[in-house]
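The values are calculated or read from the model by the stated rules, or taken from the named source; none is laboratory data. Bear in mind that the values here come from a model prediction, so they are computed numbers and not experimental data. Glycine gets a Cβ as well: all are built from the backbone with ideal geometry, and neighbour counts include every protein chain shown. Accessible surface is based on the protein model in full, side chains and every heavy atom, while ligands, DNA and RNA are left aside. Shrake-Rupley method; radii C 1.70, N 1.55, O 1.52, S 1.80 Å.
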Amino acid sequence: MKIDNLYKIDKSEISQESDLSSAAAFLVTVDKSHRIFTGHFPGTPVLPGVCTLQILKDCLLSLTGESLLFSNISQCKFTGMVDPRSDEKLSVNISNHKICDSVLLINATVSVTRSERAILKFKGKCLIL
């Protein structure tokens, strides 16, 4: 479920490595005035981790054109916070490999564009719905 107007995917660069593998880089802008930040947290806004995962999922949808479901997460490490007042631009880098007709192996990193500071390192599998 995308949270209305919290972020937008501004740009994507996709490279098809083979029939089974591809990679992509996305630029995402977070709306620093979105209402979610009034409660998370007042005076010190932080992008919720679940929203970072949704950004990743929407980038995957844009990359594959398929509806996906995270089915196995072997690594989901949040390595930093996103303060939308200073970190409104995020980079999402994804590589994926199709291991069968209905399963993708995913390796992704989400970073703050300004400082190139990683905020999420993700490895897992997605079911193609």
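Structure notes:
- Distant-in-sequence amide contacts of LEU20, defined by a placed amide H-H separation under 5 Å and a gap of 5 or more residues or a different chain, comprise nothing.
- Kirkwood-type radius of the range 1-50, with distances r between different C-alpha atoms, in Å: 13.1
- Approximating the spin labels as points 7 Å out from Cα along Cα→Cβ, the ASP4-to-LEU129 distance works out to 2.0 nm.
- Going by accessible surface with a 1.4 Å probe and the largest first, LYS11, LYS57 read LYS11, LYS57.
- Normalised contact order of the chain, rounded percent, pairs of Cα under 8 Å and 6 or more residues apart: 26
- Taking 0.36 nm per residue of separation and subtracting the Cα-Cα distance, full extension of the segment from GLN75 to SER62 would add 2.5 nm.
- A Cβ-based charge dipole, computed about the Cα centre of the chain with Lys and Arg at +1 and Asp and Glu at -1, lands at about 380 debye.
- Karplus-derived 3J(HN,Hα), 6.51/-1.76/1.60, for each residue of the range 72-87, Hz, glycine and proline x: 8, 10, 8, 8, 9, 10, 8, 9, x, 9, 10, 8, x, 5, 10, 10
- Its DSSP H runs of at least 4 residues, each contributing -39,500 (n - 2.57), put the calculated 222 nm mean residue ellipticity of the chain at -4500 deg cm²/dmol, to the nearest 500.
- Inverting the pair-averaged 1/r between distinct Cα atoms of the chain gives 14.9 Å as its Kirkwood hydrodynamic radius.
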